[in-house]
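Bear in mind that the values in this text are calculations on the coordinates, not laboratory data. Since we're looking at a predicted model, the values are computed, not measured. Cβ placement follows ideal geometry from the backbone for every residue including glycine, while neighbour counts extend to all protein chains displayed.
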Amino acid sequence: MSTIHADAPAIRLADVRFGYRPGQQVLDIPALEIARGARVFLYGPSGSGKTTLLGLIAGVLAGGTGRVEVLGTDLARLGGSARDAFRAQHLGYIFQMFNLIPYLSVRDNILLPTRLDAQRAARLRGQSPAQAATELAEGLDILSLLDQPVTELSVGQQQRVAAARALIGYPELVVADEPTSALDADRREAFLRLLFASCERVGATLVFVSHDQALAPLFSQRVSLPDINRAARPAAA
Ligand SMILES: Nc1ncnc2c1ncn2[C@@H]1O[C@H](COP(=O)(O)OP(=O)(O)OP(=O)(O)O)[C@@H](O)[C@H]1O
Ligand SMILES: [Mg+2]
């Protein structure tokens, strides 16, 4: 089980370099610090490394150099399965491609984090996992879909299932990769309300990737990835 260091920042990166292949440099970030409870809008052009950065923060990607500390834990010190356990316990990740489990129903996809981690299940604030899943589904307007296979959903419906799965059990850190890209205006607004309320309720930190600059004012901190990523800059002559 991992220990949480309450006074450490939510995220601290130092001299992080990462490429998917030898010789490829996608990220070269000297420093990035995100405080607990911050609501961060992360932006940058397509291909600039936003998803890669979220993958490193969530411990889905590993193998670079430098230090990635999340909630005071140095992820490089954890092995693969310990990183998976850490993520299940502390993080909600809304993946850009959703990553829903195709053979599970909507309900079972949403409940997954509570089944992977006992502490996550214990943080439901008096609700049963089933009640929590129902409440999230209601807030995201997917209540009538709970017993359907996720393979029979529209893209925007899948995105809302991915959001409910990330938020169940009040994770301390939520990373959301373009989570509103497939939503209409009403659902986008409802989702953002739910997302912000869920984070605020437990003082969670939110890192939100979006191309939609109209959303930027809703956040407490805006981070331009090309500004912090030396790999995005042309080499000095
Ligand atoms: N699995 C992979 N293998 C090899 N290269 C990859 C892989 N995933 C991403 N890349 C490369 O890493 C770079 C950053 O990709 P990333 O997906 O992080 O960008 P992004 O900022 O999230 O873009 P978008 O806004 O389109 O989602 C790109 O040049 C991409 O080609
Ligand atoms: Mg991306």
Please quote Rg/Rh for the chain to two decimal places, taking the Kirkwood radius as Rh and restricting both calculations to Cα atoms. 0.96
Between residue 154 and residue 213, what is the label-to-label distance in nm when each label sits 7 Å out along the Cα-to-Cβ direction? 2.9
Summing -39500 (n - 2.57) over every DSSP H run of at least 4 residues in the chain and dividing by its residue count gives a helix-only mean residue ellipticity at 222 nm, to the nearest 500 deg cm²/dmol, of -10000 deg cm²/dmol
In degrees between 0 and 90, to the nearest 10, how far off the longest principal axis of the chain does helix 155-167 point, with axes built from Cα atoms? 80
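Taking R0 as 30 Å, what's the FRET efficiency between residue 131 and residue 101 from their Cβ-Cβ distance, rounded to 0.05? Write out the running numbers ahead of the final one.
Details: r = 21 Å, r/R0 = 0.71.
Here the calculated transfer efficiency is 0.90.
Give me the number: length gained by fully extending residue 33 to residue 77, i.e. 0.36 nm times residue separation minus the C-alpha to C-alpha distance, one decimal in nm.
Gain on extension, residue 33 to residue 77, equals 13.9 nm.
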Given the C-alpha centroids of region 30-73 and region 204-222, what is the distance between them in whole angstrom? 14
Cut-off 16 Å, label point 7 angstrom out along Cα-to-Cβ of residue 14: give me the residues of region 44-72 whose amide nitrogen falls inside. 65-72
